[in-house]
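The values are calculated or read from the model by the stated rules, or taken from the named source; none is laboratory data. Predicted, not measured: the structure shown is a model, and the values here were computed from it. Counting neighbours? That spans all protein chains shown, and the Cβs are built from the backbone with ideal geometry, glycine included. For the accessible areas, the whole protein counts, side chains as well, though only heavy atoms, and no ligand, DNA or RNA atoms are used. Shrake-Rupley method; radii C 1.70, N 1.55, O 1.52, S 1.80 Å.
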Amino acid sequence: MKTIIEPFKIKSVEPIHFTTAHERAVLLQQAYYNPFLLKAKDVIIDLLTDSGTGAMSSEQWAGVMRGDESYAGSDSFFRFESAVKELTAMPFIIPVHQGRAAEKILFTIKGGEGKYVLSNTLFDTTRANIEFSGATGIDLLTNAAKDSAVSAPFKGNMDTEKLEAFVLEKGAENISLVIITVTNNSGGGQPVSMANIKAVKAICVKYQIPMFIDACRFAENCYFIKQREPGFEGMTIKAIAQELFSYADGCTMSAKKDAFANIGGFLAVHDQQLAEECRNLLIITEGFPTYGGLAGRDLEAIAIGLQEIVDEDYLKYRIRSIEYIGEQLDGCGIPYLKPTGGHALYLDAKAFLPHIPAHQFPGQALCGALYLEGGVRGVEIGSVMFGEHAQHELVRLAIPRRTYTQSHMDYLAEVIIAVYAKRHEVRGLKMVYETPFLRHFTARFEWV
Ligand code: F0G
């Protein structure tokens, strides 16, 4: 059969509240043209994020009931720990309430004034935690990623020549670590090849710099490796993931993505002394080392989610459903970052709305237009989020895991195509309020 169906049946449903175009015009104005400030009930298809928004399986819900809420040494912790060890083979597993908590702990210890943290592309919370520690975050992404209209298999790769040149220029002693984001969320959900991970690791070994992985979407990355990188065709996703983690000295993970959990994360490391320092901070900010800011039931959901995510039927449907939207847009010549990513489709707002300059935030304007047209909520990844560091003006439409069906995707394509047909009417925005860190969450706008 050529149709790839959702590899699940629906057991529990949540109603969607439909709004009219007139209602949405008022609601968007009340939200200062910032989708983060909309109420979720006023959104028809919510593609703000794939983080914590997926559907848990019946097994995970059963695990929630089984959760052991003991303060110390709960059974749920040991099941969680063994699920993480099974994939990463790292001896020290530290639970945290979400990915950025792992980043905060790691960079409080490894960051600091005068230090550099190098990456393919740092996610915004990662960069914020690095900068908050006084260190500097540097993105060294492959040149293959520069042109959003040109497809390439591994546009998430780190540029190893730039990496080595940077280490030589600043001195290895000033590089606290290298962290590779898989898949590269801010760069279009694009994967990193195993060959690239190995090449980065070789440089890190040469200069004695620890190599970490930001593992939020490790399973999607491993599926792309299986599809696109010679030599991996015959391997299971789990075996590919185990190889990927084998090159790392540690990892941070938001379990809200590729662990199908609504909350949670972890920090895993090989180095015992680093683990002890991390646990000391954990106790102050997150909780005792066997729960780290989570309930036992959350640890249980993560343990089961980590086993479910490496299922190839699931990953095939996941990646295919995003390609499917891309194919519908191709038919109308709508610009998006090619190829489609693992968790999202990224519209190229600069090419979509060429009449709106960067300082009038074309991505934010396009988010507004998608909401007005069909109640679709996406997120700007461009000059609002990154200021002058922005390399592209994108609108990310992140697909929650196991949540929407093919007809939701058809509706989404219809909304995007309708906005494209009237793109000349979309106006730019000016920012009238902003905060010093992560301004995109709370910024306010007005039409120009
Ligand atoms: N790293 C990456 C690559 C991420 O995408 C995220 C979160 C984090 C770290 C932080 O994890 O949210 O659990 O604290 N990304 C979400 C998103 C918020 O919408 O892409 P967190």
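Some notes on this structure:
- The stretch 205-362, relative contact order in percent, only Cα pairs under 8 angstrom and at least six apart counted: 19 percent
- Ligands, DNA and RNA left out, the accessible area of the stretch 50-177 computed with a 1.4 Å probe is 54% carbon and sulfur.
- Whole-percent carbon and sulfur share, accessible surface of the stretch 185-292, 1.4 Å: 54 percent
- Cα convex hull volume per residue for the stretch 24-113 (Å³): 193 Å³
- Taken about its Cα centre, the stretch 89-174 carries a charge dipole of about 260 debye when Lys and Arg each add +1 at the Cβ and Asp and Glu each add -1 at the Cβ.
- The ratio of the alpha-carbon radius of gyration of the chain to the globular-protein estimate 2.2 N^0.38 Å is 0.95.
- On Cα atoms only, tilt of 194-207 relative to the major axis of the chain in degrees: 50 degrees
- Each Lys and Arg Cβ is given +1 and each Asp and Glu Cβ -1; about its Cα centre, the chain then shows a dipole of about 520 debye.
- The chain, relative contact order in percent, only Cα pairs under 8 angstrom and at least six apart counted: 23 percent
- Heavy-atom accessible area per residue - the chain, 1.4 Å, Å²: 41 Å²
- Residue-count net charge about residue 31 - beta-carbon cut-off 13 Å; Lys, Arg +1, Asp, Glu -1: +2
- Label-to-label distance, nm, for residues given as residue 313 and residue 271 (7 Å Cα→Cβ offset): 4.3 nm
- Accessible-area composition of the stretch 366-436, carbon plus sulfur, in percent [1.4 Å probe]: 50 percent
- For residue 422, the lysines whose Cα falls under 30 Å of its own Cα, not counting residues fewer than eight places away in the same chain, are 39, 41, 146, 338, 350, 430.
- Principal-axis analysis of the Cα atoms of the chain puts helix 75-88 at an angle of about 90° to the longest axis.
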